[in-house]
Amino acid sequence: MAFTAKDVQALRERTGVGMMDCKKALVECDGDMDKAVDFLREKGLASAAKKAGRIAAQGVIGVYNDANSSALVELNCETDFVGNNPDFKALANQIAKTVVAVKPADVDALNAAKIADGDTTVAEAIQELFLKIRENMKLRRFVLVEGTAVSYIHGGGSVGVLVSFDTDAADKAEFIEMGRNVAMQVAAMRPEYLKKDDISADELAKLRSITVDSALNKPDSLPVPILKSLIEKACADKRWSDEDIAIYEEKKSNMKFLFNFLSKEAYASLAELAVESKNDIVDNKIFVGMVEGRVSKQLKEICLLEQTFVRADLFEGTVGGYIANVAKTMGAKIDITGFTRYEKGEGIEKKEDNFADEVASMIG
């Protein structure tokens with residue numbers, strides 16, 4: 001079956017594949033347009049399989065909201081260039097819309113689902129875009145939130161946030177603005193929990209243990225009475241040099257700048273002594289108070305409702321206080337119930353390219 005340049009152009013418009021590849025496909029398929037489309041897809045699958053092992057740590061976070069549900073998806077690729085491609089971003093958002101429509105159980109089910117506003121599955125839609133872009137792509141994860149949620153996408157899709165609420169004011173502009181501000185807070189401040197009660201006893205114990213060990217290994221951060229006791233023991237046991245002992249004797253009346261003058265060896269020796277004396281130090285009431293204070297400070301940093309609200313121009317206080325203030329002003333019920341924060345490529349080990357080594361290997 002003969003074909004013309006117009007057929008090549010039509011196949012290109014239908015698939016988005018380059019002109020030469022379209023011409024080759026029509027040659028292989030004797031000008032049959034449908035067979036040529038299948039041929040290009042199969043060729044793309046083979047090419048994609050070869051590239052599947054390449055690390056896809058870039059990408060974009062897609063989002064979709066309707067009146068009843070919201071979704072975030074992470075679609076990965078290999079380069080920022082592709083991550084910023086309008087078609088790639090549009091596909092991520094289209095997949096997010098599919099999540100809301102289909103409510104899949106997992107990524108495999110989502111890949112197998114018919115994509116929203118399309119005639120192919122999600123996996124096939126990704127494959128078709130691969131045919132155009134020729135870069136490894138992977139649908140990594142998604143989250144579906146039922147009910148009222150407010151979304152925020154930062155940096156063109158580098159970070160995506162969904163914050164869910166229980167409210168009777170979901171359609172009010174003041175609520176939507178408040179929700180967006182809270183979502184921006186999540187994007188910027190990276191909270192790990194919604195509130196203190198969400199932290200398990202084991203996680204809290206681990207946080208406290210890390211805080212204790214960190215304090216002991218950084219002796220200059222210890223309460224002065226404990227610090228002086230450790231230094232005096234270090235001097236008495238000759239764990240410090242005569243020079244460091246002399247410096248301490250000179251500066252002990254005002255210890256604020258003592259560690260600017262001591263040797264690195266003296267500091268390391270003091271940290272070792274603090275760790276050795278852990279059992280005695282952890283029972284000291286002053287030390288206990290210091291640890292609890294530091295743990296409390298960390299909880300305020302990792303719990304969203306305890307964080308200081310970054311938009312001080314709107315409200316001075318915590319995020320929880322800001323939400324309560326907006327609810328009071330509106331005369332509405334607004335309870336935050338959860339949040340999800342996705343950052344493209346987080347947790348994926350990225351390949352570190354060494355250009356010199358690459359060139360050397362090519363020469364060798």
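The values are calculated or read from the model by the stated rules, or taken from the named source; none is laboratory data. Given the structure is predicted, the values throughout are model-derived calculations rather than measurements. Heads up, the Cβs are rebuilt from the backbone with ideal geometry, glycines too, and the neighbour counts pull from every protein chain shown.
Can you tell me which residues in segment 64-83 are farther than 19 Å from Glu124 by Cα, modelled with pLDDT of 90 or more and surrounded by fewer than 24 Cβ atoms within 10 Å (Cβ to Cβ)?
Tyr64, Asn65, Asp66, Asn68, Ser69
For residues that are touching a residue at least 12 places away in the same chain (Cβ under 8 Å) and part of a helix (DSSP H, G or I), scanning just segment 245-257, find the one that is surrounded by the fewest Cβ atoms within 10 Å (Cβ to Cβ). I'd like the intermediate steps shown before the answer.
First, pick out the residues of segment 245-257 that are touching a residue at least 12 places away in the same chain (Cβ under 8 Å): 247-248, 252, 255.
Remaining after also requiring part of a helix (DSSP H, G or I): 247-248, 255.
Working: Ile247: 19, Tyr248: 20, Met255: 14.
Here the residue is Met255.
Residue pairs, Cβ under 9 Å, 6 or more apart or interchain, first in segment 142-161 and among the acidic types (Asp, Glu), second at pLDDT below 95 and assigned to a loop (DSSP other than H, G, I, E, B). List them.
Pairs that qualify, where the first residue is among the acidic types (Asp, Glu) and the partner is at pLDDT below 95 and assigned to a loop (DSSP other than H, G, I, E, B), are Glu146/Asn68.
Consider Ala215 carefully, then state whether it is under 30 Å from Asn325 (Cβ atoms), within 33 Å of the chain's Cα centre (by Cα) and of a type in the set (A, V, I, L, M).
Working: under 30 Å from Asn325 (Cβ atoms): no; within 33 Å of the chain's Cα centre (by Cα): yes; of a type in the set (A, V, I, L, M): yes.
Answer is no for this residue.
Are there helices (runs of 4 or more DSSP H) fully within segment 80-120 with at least 1 residues that are more than 23 Å from the chain's Cα centre (by Cα)? List them. Quick ask: steps written out before the conclusion?
On the way: elements: 80-83, 86-102, 107-112.
It comes to 86-102, 107-112.
Using beta carbons and a limit of 9 Å, which pairs, at least six apart or on different chains, have the first residue in segment 217-244 and farther than 26 Å from Arg294 by Cα and the second one of a type in the set (D, E, K, R) and assigned to a helix (DSSP H, G or I)?
Ala234/Asp244; Cys235/Asp244; Cys235/Glu249; Arg239/Lys233; Arg239/Glu272; Trp240/Glu265; Ser241/Glu265; Asp244/Glu265
Here is a list of conditions, (1) over 13 Å from Ile231 (Cβ atoms); (2) of a type outside the set (S, T, N, Q); (3) over 34 Å from the mean Cα position of the chain (by Cα), and Arg294 meets all of them except one; can you say which number that is?
(3)
Out of all the residues in segment 144-158, which are touching a helix residue (DSSP H, G or I) at 6+ places or on another chain (Cβ under 8 Å), surrounded by fewer than 22 Cβ atoms within 10 Å (Cβ to Cβ) and farther than 30 Å from Arg14 by Cα?
Leu144, Ser151, Tyr152, His154, listed by residue number.
Kindly indicate whether Ile153 is closer than 25 Å to Phe39 by Cβ, modelled with pLDDT of 95 or more and aliphatic (A, V, I, L, M).
It is false that Ile153 is closer than 25 Å to Phe39 by Cβ, modelled with pLDDT of 95 or more and aliphatic (A, V, I, L, M).
What single numbered condition from (1) without any contact (Cβ under 8 Å) to a residue 40 or more places away in the chain; (2) surrounded by 12 or more Cβ atoms within 10 Å (Cβ to Cβ) fails to hold for Asn279?
Tallying (1) without any contact (Cβ under 8 Å) to a residue 40 or more places away in the chain; (2) surrounded by 12 or more Cβ atoms within 10 Å (Cβ to Cβ), Asn279 fails exactly one: (2).
If Ala112 passes every condition in (1) hydrophobic (A, V, I, L, M, F, W, C); (2) touching a Ser or Thr at 6+ places or on another chain (Cβ under 9 Å); (3) buried (at least 19 other Cβ atoms within 10 Å of the Cβ); (4) in the same structural domain as Gln58 (by TED's automatic domain parsing) but one, which one does it miss?
The number of the failed condition is (3).
For segment 41-61, check the following and say yes or no: at least one residue is buried (at least 17 other Cβ atoms within 10 Å of the Cβ), at pLDDT 95 or above and under 23 Å from the mean Cα position of the chain (by Cα).
yes
Cβ-Cβ below 7 Å, separation at least six or inter-chain, first residue in segment 66-87 and outside the structural domain of Lys103 (by TED's automatic domain parsing), second not aromatic (Phe, Trp, Tyr): which pairs?
none
Just checking, which of Glu135, Glu174 is in contact (Cβ under 8 Å) with a residue 24 or more places away in the chain and in a loop (DSSP other than H, G, I, E, B)?
Numbers: Glu174 fails: in a loop (DSSP other than H, G, I, E, B).
Step by step, each of Glu135, Glu174 is checked, and only Glu135 is in contact (Cβ under 8 Å) with a residue 24 or more places away in the chain and in a loop (DSSP other than H, G, I, E, B).
Output the residues belonging to segment 168-205 that are closer than 16 Å to Asn65 by Cβ, among the aliphatic types (A, V, I, L, M) and surrounded by fewer than 16 Cβ atoms within 10 Å (Cβ to Cβ).
Across segment 168-205, the qualifying residues are Ala173, Ile176.
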